[in-house]
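Each remark here refers to the structure printed beneath this line.
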Amino acid sequence: MTTKFISADPERFAESDLSDAAKAIRDGGLVAFPTETVYGLGASGINDRAVKRIFEAKGRPSNNPLILHFASVGDCNEYAVCDDRFLALADAFMPGPLTVVLPSRGNCAPSVTAGLSTVAVRVPMHPVARSLIKAAGVPIAAPSANLSGKPSPTTCDHVKNDLNGKVEFVIDGGACTVGLESTIVKLDPTGATLLRPGGITLEMLKSVLGEVDVAPEVLAPPAPGAVPESPGMLLKHYSPNAPLYLVRSDDHARLTSFFHEASMQPDNAIICFNGDVNPKNNVYYLGDRDDEFEHARRLFDLLRVADKPGIRRIYAPMPRREGIGLALQNRMLRAAAFRIKDI
Ligand code: TXA
Ligand code: MG
């Protein structure tokens with residue numbers, strides 16, 4: 001298949017630029033599109049054959065359910081049972097980088113929910129994503145537009161590397177502004193559980209919901225035989241070919257001298273903060289040390305570029321747990337297969 005690329009600058013695209021892609025969605029095709037978090041690989045959420053193609057294109061296990069994307073909060077209620085807590089969250093954070101798991105009404109394509117009685121719903125903020133969903137006229141089922149096991153794509157180039165020739169359209173809307181996948185919170189009768197941290201932080205969720213539990217798999221490897229609430233958390237994720245090590249120290253000077261030493265060896269790659277190590281081959285920068293939003297924007301790109309042939313080890317700093325740091329720590333722990341180096 002020849003993949004067609006469409007360019008859609010979020011600030012000046014016309015709705016008509018998206019009409020061929022929207023038609024492809026309606027006709028059962030696959031369209032990769034930008035969102036504020038990461039690029040998504042979309043298909044009509046009411047066409048089971050189309051949704052099955054997503055799993056094939058990504059090499060994704062069929063027991064891992066997908067998120068349904070809507071153009072507006074009001075549309076979610078047609079497919080999910082939306083209660084007052086959902087509406088309060090929606091008021092505060094939607095459209096935006098938040099996904100809510102709710103009881104399903106059972107009317108989306110069965111492969112979307114992978115047999116669960118719940119469905120994950122999200123209203124993205126990215127203007128191209130919203131226009132595409134509106135023009136398609138159906139909810140769009142979309143996982144991240146990477147091959148299963150690779151870091152989520154935050155640029156059109158990442159999508160091209162992974163999915164060229166496997167999808168009808170790729171819409172280039174520039175680099176994603178959040179850079180990590182959406183926060184996922186599950187609402188059930190007994191309470192709320194954070195399944196995946198993201199741009200809407202745990203602190204922000206608590207400001208609306210009060211109590212929010214954190215699923216154990218957010219910061220710990222799944223216990224053998226455990227069934228996590230979010231099946232995606234079971235899988236090996238975001239793993240570079242070269243092993244990644246998260247370096248942890250209370251003392252920043254010690255951390256920088258560790259990175260400096262490690263950068264002397266040509267088969268090491270270093271992901272660090274601006275100013276930690278002088279620029280040289282295989283040293284990559286997350287941004288200023290206190291700018292965690294910038295770290296989030298850059299992380300997935302750096303995991304891809306640092307993972308070059310000839311690199312045997314990648315070192316990166318262990319993020320903190322507060323704010324968006326929790327999401328960074330969650331993604332980096334998985335990319336590192338929970339390898340932490342205390343120094
Ligand atoms: O930011 C995002 O959420 C991006 C963009 C494209 O919207 N999408 C994304 O999708 O990250 P994906 O498939 O890569 O991650 C979705 C996660 C998976 O871990 C999946 O197991 C979980 O959501 N999930 C989906 N439906 C669920 C459900 N009903 N209950 C629990 N977890 C669910
Ligand atoms: Mg994904």
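The values are calculated or read from the model by the stated rules, or taken from the named source; none is laboratory data. Just so you know, these numbers come straight off a predicted model, no measurement behind them. In this analysis, Cβ positions are derived from the backbone assuming ideal geometry, glycine residues included, and neighbour counts consider all displayed protein chains. Just the protein is used for accessible areas: all its heavy atoms, side chains included, with ligands, DNA and RNA removed. Shrake-Rupley method; radii C 1.70, N 1.55, O 1.52, S 1.80 Å.
Looking only at the range 192-202, which residues are crowded, with 23+ Cβ neighbours inside 10 Å and over 23 Å from Arg298 (Cα atoms)?
Leu194
Quick one: is Arg12 open to solvent by 40 Å² or more (accessible area, probe 1.4 Å) and touching a strand residue (DSSP E or B) at 6+ places or on another chain (Cβ under 7 Å)?
No, not satisfied.
So that you can scan it fast, the table gives a plain yes or no per residue for (1) touching a Phe, Trp or Tyr at 6+ places or on another chain (Cβ under 8 Å); (2) more than 23 Å from Arg53 (Cβ to Cβ); (3) not assigned by TED's automatic domain parsing to the domain that holds Thr37:
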| position | (1), (2), (3) |
| --- | --- |
| Leu98 | no, yes, no |
| Leu102 | yes, yes, no |
| Cys108 | yes, no, no |
| Ser117 | no, yes, no |
| Pro124 | no, no, no |
| Val128 | yes, no, no |
| Ile133 | yes, no, no |
| Gly137 | no, no, no |
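How many residues does the range 16-53 contain that are more than 16 Å from ligand 2 (Cβ to nearest atom) and part of a strand (DSSP E or B)?
2
What pairs can you find where one residue is in the range 61-78 and outside the structural domain of Arg196 (by TED's automatic domain parsing) and modelled with pLDDT under 95, the other is of a type in the set (Ser, Thr, Tyr) and in a loop (DSSP other than H, G, I, E, B), and their Cβ atoms are less than 7 Å apart, with a gap of 6+ or different chains?
Qualifying pairs under 7 Å: none.
Does any residue of the range 177-191 turn out to be in contact with a strand residue (DSSP E or B) (Cβ under 8 Å, 6 or more places away or on another chain) and open to solvent by 50 Å² or more (accessible area, probe 1.4 Å)?
Within the range 177-191, not a single residue is in contact with a strand residue (DSSP E or B) (Cβ under 8 Å, 6 or more places away or on another chain) and open to solvent by 50 Å² or more (accessible area, probe 1.4 Å).
List the residue pairs whose Cβ atoms are under 8 Å apart, where the first residue sits in the range 97-113 and is open to solvent by 10 Å² or more (accessible area, probe 1.4 Å), the second is of a type in the set (Phe, Trp, Tyr) and at pLDDT 95 or above, and the two are 6 or more positions apart or on different chains.
Pairs found: Ser104/Tyr79; Arg105/Tyr79; Asn107/Tyr79; Cys108/Tyr79; Ser111/Phe55.
Taking only the range 198-221 into account, find how many residues are within 16 Å of ligand 2 (Cβ to nearest atom) and either at pLDDT below 95 or out of contact with any Gly (no Cβ under 9 Å at 6 or more places or on another chain) (or both).
Matching residues across the range 198-221 total 3.
For Leu147, only one of the following conditions fails: (1) within 12 Å of ligand 2 (Cβ to nearest atom); (2) open to solvent by less than 10 Å² (accessible area, probe 1.4 Å); (3) in contact with an Asp or Glu (Cβ under 9 Å, 6 or more places away or on another chain). What is its number?
(2)
Test Val121 against the criterion of being in contact with a Cys (Cβ under 7 Å, 6 or more places away or on another chain), more than 16 Å from ligand 2 (Cβ to nearest atom) and in a strand (DSSP E or B), and give yes or no.
Criteria met by Val121.
Filter the range 1-36 for residues that are among the aliphatic types (A, V, I, L, M) and farther than 11 Å from Phe169 by Cβ and give the result.
Result: Ala14, single match.
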